[in-house]
Structure formats: C-alpha cells, structure tokens
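J.: Just passing along the structure, written as structure tokens.
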Amino acid sequence: MTLFETLSKAPYDALTRCVGIDPTQDTLSAWGLDDTAAGARKFALTMLEAAHNNASIVKPQVAYFERFGVEGYRALTDIIKEARKMGLLVLADAKRGDIGSTVDAYSRAWLGNDAPMQVDAITVTPYLGFASLAPLLERAYDTGAYVFVVTRSSNPEGTALQEHGSPKLWHSILDDIANWEAARNNKTIGAVVGATVPEDLKYALDVLPNAYFLAPGIGQQGAKPDDVKALTPDLKRIIVNSSRRLAAAGPKVSDIQTAIEQI
C-alpha cells in the first residue's frame, strides 16, 4: 500500500511517529562506531530495529550517507530495502529541487518500482518555482509515492524568506499544493511544516484538509508532541519526526524504543 493508504487505514488515533536516521559524525562517535559508510549502516540498522513495531515511518537524512560517496549510497540502499522488508514506510529526506529533465531524473532515482533507491515518500524544495516540480509530482502520482514539499520549515533561518511578501511566500506555496491536489484529485502531496511553529501548522492543516504533514522539530529543536496534539482531531495526519533525541538515547535498542514511545 502507498503511504496515504497505509496511514489512512492505520488503526490508531495518535500522532504518526517517524524515526529520523541521521548518522552524523558526532553520533557515530558517541555510539563507538567508525565514521564510515559501514558505521552509518550499523547505526541505521539499530535504528530500524528500534523503530520496528514502534513507528510507522523512518526518515533517513540522505546527506549523512552521501558524504561517504559510493559506499554511502550502497549503505543507504541496503537500509531502504531492509526497512521496507520490515514493513516500515521510508521517507527519503533528500530535499531535491530542480527543473525539467533534471527533476525528472531525481524522481527516477527514488520513486517507482524501477527506481534504484525506491522509497515511499520524498522531501522536495519548491524554490525554483512550484511548477518546476511537475515531472516529479507526476511520477509520484503515477507510482503512488508521496511528496512532502518544504513549506514552513522548523529552522529559524528560514523564517525571513518564508514569511516574506503579502501573501506570505509559504502561504503561496500551500495554495500551489492545494491547487495541484484539487486539479488531480490525488493523494500524493503534502507539506513540511515545523512543529516548532504550531500556529502555522494549524493554518496549513486547514488549507490542506486531506494532506499529511511532516512536522520536524520535536526534541532537540524544542517542540513537544503536546504542542501539536490540540491542532486537529485527526492526529495521524501529523507525522512527528525525531532524530537527534532518539540517537542520543542509543545505542541500546530498548532505550531508543522507550524514547520513541515518548513521541
């Protein structure tokens, strides 16, 4: 099943848990692992073990694997395949964005049965113009993948740009997402809106009443699950991700599982 179908049919009424997989140099060192592709792979496998039966989605941060070059991509590919074999949805935090044939090439790397790193969802950036994402969005529609468009991010550095203008830039992006969804009556597009700005997440939930939202910022960035639970009765539409906080609980699997349960 697709991400939309899986979450829509989920037998729970709670926030959707997402386990971030961020094998940073500091984290690998704290876990006593080598700062290599092999170390990143071992770290990620431990996070998968902790996530299994405790979360719906895992979100590998692609850059932390890319930094190891070819071997990093091999490790990432292994992790994606293992996660999907375990029944976990995989969201590639890749934040791709380009135009024309280039964004189409990105989509062919990640989306669909013939993609070498097939995932269930991907993050993208719209700042070359929302329409530039059309080839990737069309492929998502054709393959049943889900696309999370970075709209109102959790980092404070993004505020000046995203709040610029009247209407605000991020409001315009939300409108673009809504128009795309309405024109195709599809269920393959949502947004990234930080849990660190709950009032903005509430606005986005109202503009896109059928979409799912990736809401980063729980834990290390200061947001708490209770900050977003009051925003909608349909809690599973909000995908709350935690990465550094969960990694800090490791490397013992049971300790990471306890941290996941607190999301």
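The values are calculated or read from the model by the stated rules, or taken from the named source; none is laboratory data. Just so it is clear, the structure is predicted and the values come from calculations on it, not from any experiment. Please note: Cβ atoms are built from the backbone with ideal geometry, for glycine as well, and neighbour counts cover all protein chains shown.
J.: Only one of VAL70, VAL90, VAL58, VAL62 is under 14 Å from the mean Cα position of the chain (by Cα) and over 22 Å from LYS187 (Cβ atoms). Can you tell me which? I'd like the intermediate steps shown before the answer.
T.: Values: VAL70 fails: under 14 Å from the mean Cα position of the chain (by Cα); VAL90 fails: over 22 Å from LYS187 (Cβ atoms); VAL58 fails: over 22 Å from LYS187 (Cβ atoms).
Step by step, each of VAL70, VAL90, VAL58, VAL62 is checked, and only VAL62 is under 14 Å from the mean Cα position of the chain (by Cα) and over 22 Å from LYS187 (Cβ atoms).
J.: Could you identify the single residue in LEU174, LEU214, LEU201 that is crowded, with 21+ Cβ neighbours inside 10 Å and under 18 Å from ASP120 (Cα atoms)?
T.: On inspection, the qualifying residue turns out to be LEU214.
J.: OK, next. Within region 113-139, which residues are assigned to a helix (DSSP H, G or I), in contact with a helix residue (DSSP H, G or I) (Cβ under 7 Å, 6 or more places away or on another chain) and either closer than 10 Å to THR188 by Cβ or not hydrophobic (A, V, I, L, M, F, W, C) (or both)?
T.: SER132, PRO135, LEU137, ARG139
J.: Right, something else. In the list VAL193, VAL228, which residue meets the criterion of being surrounded by 17 or more Cβ atoms within 10 Å (Cβ to Cβ), closer than 27 Å to THR2 by Cβ, in contact with a helix residue (DSSP H, G or I) (Cβ under 6 Å, 6 or more places away or on another chain) and modelled with pLDDT of 95 or more?
T.: Just one listed residue meets the conditions, VAL193.
J.: Anything in region 179-189 that is in contact with a Leu (Cβ under 7 Å, 6 or more places away or on another chain) and surrounded by 24 or more Cβ atoms within 10 Å (Cβ to Cβ)? List them, or say none.
T.: ILE189
J.: Select, from LEU28, LEU15, LEU89, the only residue that is in contact (Cβ under 8 Å) with a residue 60 or more places away in the chain and either more than 29 Å from ARG108 (Cβ to Cβ) or touching a Gly at 6+ places or on another chain (Cβ under 9 Å) (or both).
T.: Numbers: LEU28 fails: in contact (Cβ under 8 Å) with a residue 60 or more places away in the chain; LEU89 fails: either more than 29 Å from ARG108 (Cβ to Cβ) or touching a Gly at 6+ places or on another chain (Cβ under 9 Å) (or both).
Answer to the check: LEU15.
J.: Could you list all residues from region 54-93 that are more than 16 Å from GLN118 (Cα to Cα) and of a type in the set (Lys, Arg)?
T.: ARG67
J.: In region 155-188, which residue that is assigned to a loop (DSSP other than H, G, I, E, B) and hydroxyl-bearing (Ser, Thr, Tyr) is farthest from GLY129 (Cα to Cα)?
T.: THR188
J.: Quick test of your reading of the structure: TYR141 fulfils all but one of (1) crowded, with 18+ Cβ neighbours inside 10 Å; (2) free of Cβ contacts under 8 Å to residues at least 60 places away in the same chain; (3) aromatic (Phe, Trp, Tyr). Name the failing condition by number.
T.: With (1) crowded, with 18+ Cβ neighbours inside 10 Å; (2) free of Cβ contacts under 8 Å to residues at least 60 places away in the same chain; (3) aromatic (Phe, Trp, Tyr) applied to TYR141, the lone miss is (1).
J.: Right, next: Can you tell me which residue is farthest from LYS187 (Cα to Cα) among those in region 1-47 that are assigned to a helix (DSSP H, G or I), of a type in the set (A, V, I, L, M) and at pLDDT 95 or above?
T.: That would be ALA30.
J.: Separate question: Residues being assigned to a helix (DSSP H, G or I), of a type outside the set (D, E, K, R) and more than 17 Å from VAL192 (Cα to Cα): count how many of those fall in region 211-263.
T.: Residues meeting the conditions: 11.
J.: In region 145-168, is there at least one residue being farther than 19 Å from TYR212 by Cβ, acidic (Asp, Glu) and free of Cβ contacts under 8 Å to residues at least 40 places away in the same chain?
T.: Yes, some residue in region 145-168 is farther than 19 Å from TYR212 by Cβ, acidic (Asp, Glu) and free of Cβ contacts under 8 Å to residues at least 40 places away in the same chain.
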